[in-house]
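Data first, discussion second: the structure below is written as C-alpha cells.
The values are calculated or read from the model by the stated rules, or taken from the named source; none is laboratory data. As the structure is a computational prediction, the values presented were derived from the model and not from experiment. Neighbour counts run over all protein chains shown; Cβ positions are idealised from the backbone, glycine included.
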Amino acid sequence: MRNDAERNESAEVGAALLRLRRASGLPVAFGGLLSGGGRFRIEEMTGTATTALHGLHIHSGNGLGGKAAARSRPFAVTDYHSSVVISHEYDAAVAAEGLKSVLAVPVVVRRRVRGVLYGALRQPLQLGDRPLSAALEAARELEQALVVQDEVARLLSVARQPTAADPVMWEEVREAHSALRALAHRVGDPALRQEMLAACGRLAAASGEARGGPAVSLAPREVDVLSWVASGATNAEVAERLGLRPETVKGYLRSAMRKLGAHTRLQAVVAARRAGLLP
C-alpha cells in the first residue's frame, strides 16, 4: 500500500502527463518515478488503450526511457521496434499498446534522475519541436513540484519531532514554521495543505509562550508575514518569499500590529507568540 508521499507524487506525475498531452498534441503519455534498485516503474498513463505498460519496471540504460534516465537527457525514436539506438527489452509491452513514435524525457531533481515522462504516437512519424518542448516543460514543472514535496516532507519531520529547550533547535522549528506556511499556498493537494497548516499550529502551541490572554484572530496571510518577520526578514525579503508585493506585506503587517496592540515589529512578534500564533 502506498503512503501519502507516494500518492502525492503519483498525483503530480498524472498531472504532468495530462499537461504533456494537452500541450504536445500526442495522444498517449505515460511515466513514473524511481522505485528503488536503479529502476523506475510506469504507474501513470493517459490515452492508453491497454494496461500493457502499467507496472512495467524500467532499468537505467534499457529501452528508450532507461537510456534517457542513464544519460539524463531526452531521446526520441520514429519507429520504436526498428530503432537501432535503443535496446529492446520492452518491445512486447510497447507493441501491445500499438506505439510507434516515442519520446522520453528524464525528470531530474537536484541533479538526480527521479523518473521519466513519455509521449507517443501510434504512427511512425517524425516528432517535431512542439512535442519535445511540451514534454520538457511538463518535466520541469514536475521537478519543481517534487522539490516542493521534498521540502514539505523535511519540514514536517521537524514539526513532528519532540520540542527541546535548545535555542538552536527552536530556531530550526521557527524556520520550519515559516517555510511550511509559505509552501502551503503552493501545494495543490487540500489534505496535504491541511496537514501542513495543522503542523504549523502544533509548532506554535509547543513553544510554551502562550499565556492564555485575550484571544487574537489574525488572517492567515498576517500570520505568514509575522512568521517571516520573526526570523528577521525585511519587508522586501518577506515579499519575495511569499510572492507578494512589498506594499501588500506592509499592509498585512500594519493590520496584524493593530490587532495585537503592538507599536513595533518586535512587539507584534512577542504578542503573537504569547497568543499562541507563532512558535
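Worth a mention:
- Which numbered condition ALA159 fails, given (1) assigned to a helix (DSSP H, G or I); (2) modelled with pLDDT of 75 or more; (3) among the small types (Gly, Ala, Ser): (2)
- Taken over the stretch 105-150, the criterion of being at pLDDT below 90 and within 17 Å of THR78 (Cα to Cα) is satisfied by GLY128 alone.
- Search result, residues across the stretch 43-66 that are crowded, with 22+ Cβ neighbours inside 10 Å and closer than 14 Å to VAL105 by Cα: ILE58, GLY63, LEU64, GLY65, GLY66
- Residue satisfying condition, being crowded, with 16+ Cβ neighbours inside 10 Å and in the same structural domain as LEU127 (by TED's automatic domain parsing), within set GLY115, GLY37, GLY98: GLY115
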